[in-house]
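Undergrad: Please see the structure below; I have some questions.
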Amino acid sequence: MIELTKKNSILDLNLMRLTRKFNNLEEQEKMLRKEYHAKDSDMAEKDVFVQKRINSLKEWKASAMNQLNFLYDKLRIAVPISELDKEKKSRQMDQQRLADLTVKNSQLTLKNSLLEREKRENIEAEEKLKVVLQDKEALLDEFEVVRRRLETFDEVYKWENRIFKKIADVLIRAEVSLSQAFEHFDRNGDGVISKAEFTQALNLMQVDDLTSNEINVLYRSIDTDDTNSIDYREFIRKLEHYGVKNMGSDEVILYQLAKTIKRLNLDMHSFFEMVDTHRRQYITRQDFKDLFDNL
């Protein structure tokens, strides 16, 4: 009996030990289950987060692919940098040309307005010239009437007119203008005709055998201001009455040009360079004005 009690006590002790172990194991199981459930919930949240990230990355990938395709399409039609720089330079040059053309257009507009004003002034001057020429013709007619009347009463005046008519006939036959005739008389080129120059010219023209007194009479009839010299205006005014024509304005310009070229011993190329003072390879209206101002 004692042996059985002893064995029973040992069994109870073992049972208690096993019960404690079981309780401990049960507590550990609960803790493990609790940890498992916590980790399982955490994993589920992480799984949702990861899935969202994956979806976001897929969307970004799709957007990036669209952008890459767009850039690829642009790249296919794009030009090289060198050609782009070339086009930029070309555009800058075009813009500069446009600016230059704008400036030139404004300058041409200004010149055109000046030319229009000059044209109007020329028209007005031509109208005034017509009136002056008409008055001149009337005066010449009156002079002719007076000259004929004087010839009737004054033999000296008649003789004088005959000599001047011979001088005029010589000049007309030689097709010499009044300007050229004046230069022929004015031997030393001082702008006036002295008595000696006048005498020498008449002898060369072989106008009668004139005495010294007769030459003095002719000379005084031209020298109306009694300066003992005949200037250009006096010479022109006298011989115009006898039908000797002077050069027109265009002829005078060409004559002065030819005379200048000859005086300076220039060929046409050198003359062009002399007029083209700005070295622009062309001659403007102002260049010609400057030239004739200096002649």
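Undergrad: Can you name the residue in segment 170-201 that is in a loop (DSSP other than H, G, I, E, B) and at pLDDT 85 or above and, of all such residues, is surrounded by the fewest Cβ atoms within 10 Å (Cβ to Cβ)?
TA: Within segment 170-201, the subset in a loop (DSSP other than H, G, I, E, B) is 174-177, 186-191, 194.
If we keep only those that are at pLDDT 85 or above as well, we get 186-191, 194.
On the way: Asp186: 21, Arg187: 13, Asn188: 10, Gly189: 7, Asp190: 10, Gly191: 10, Ser194: 17.
The qualifying residue surrounded by the fewest Cβ atoms within 10 Å (Cβ to Cβ) is Gly189.
Undergrad: Go through segment 175-215 and count every residue that is under 15 Å from Lys245 (Cβ atoms) and in contact with a helix residue (DSSP H, G or I) (Cβ under 9 Å, 6 or more places away or on another chain).
TA: 7
Undergrad: State whether the residues of segment 220-229 include one that is at pLDDT below 85, exposed (fewer than 12 other Cβ atoms within 10 Å of the Cβ) and not β-branched (Val, Ile, Thr).
TA: Checked against the condition, which is being at pLDDT below 85, exposed (fewer than 12 other Cβ atoms within 10 Å of the Cβ) and not β-branched (Val, Ile, Thr), segment 220-229 yields no hits at all.
Undergrad: Now a separate question. In segment 97-106, is there at least one residue being outside the structural domain of Arg285 (by TED's automatic domain parsing), more than 30 Å from Arg285 (Cβ to Cβ) and assigned to a helix (DSSP H, G or I)? Show your work before the answer.
TA: We begin by selecting, within segment 97-106, every residue outside the structural domain of Arg285 (by TED's automatic domain parsing); these are 97-106.
If we keep only those that are more than 30 Å from Arg285 (Cβ to Cβ) as well, we get none.
No: zero hits.
Undergrad: Looking only at residues in segment 267-288 that are part of a loop (DSSP other than H, G, I, E, B) and among the basic types (Lys, Arg), which one is surrounded by the most Cβ atoms within 10 Å (Cβ to Cβ)? Explain how you work it out, then say what you get.
TA: So the first thing to find is which residues in segment 267-288 are part of a loop (DSSP other than H, G, I, E, B), and the list is 267, 276-284.
Restricting the remaining residues to those that are among the basic types (Lys, Arg) gives 279-280.
Details: Arg279: 6, Arg280: 9.
That would be Arg280.
Undergrad: Got at least one residue in segment 75-93 being closer than 30 Å to Gln286 by Cβ, under 51 Å from the mean Cα position of the chain (by Cα), surrounded by 10 or more Cβ atoms within 10 Å (Cβ to Cβ) and at pLDDT 80 or above? Break it down into steps so the answer makes sense when it comes.
TA: Here is the first cut: in segment 75-93, the residues closer than 30 Å to Gln286 by Cβ are 93.
Now narrow it down to the ones that are under 51 Å from the mean Cα position of the chain (by Cα): 93.
Within this subset, residues satisfying the condition of being surrounded by 10 or more Cβ atoms within 10 Å (Cβ to Cβ) are 93.
Narrowing the set further to residues that are at pLDDT 80 or above leaves 93.
Yes, there is a match, as at least one residue in segment 75-93 is closer than 30 Å to Gln286 by Cβ, under 51 Å from the mean Cα position of the chain (by Cα), surrounded by 10 or more Cβ atoms within 10 Å (Cβ to Cβ) and at pLDDT 80 or above.
Undergrad: Can I ask one more? Looking only at segment 202-219, filter to residues that are part of a loop (DSSP other than H, G, I, E, B) and either among the hydrophobic types (A, V, I, L, M, F, W, C) or closer than 12 Å to Ile167 by Cβ (or both); which one of those is modelled with the lowest pLDDT?
TA: Checked segment 202-219; the qualifying residue modelled with the lowest pLDDT is Asp208.
The values are calculated or read from the model by the stated rules, or taken from the named source; none is laboratory data. Model, not experiment: these values are computed from the prediction. Cβ: placed from backbone, ideal geometry, glycine included. Neighbour counts: every protein chain shown.
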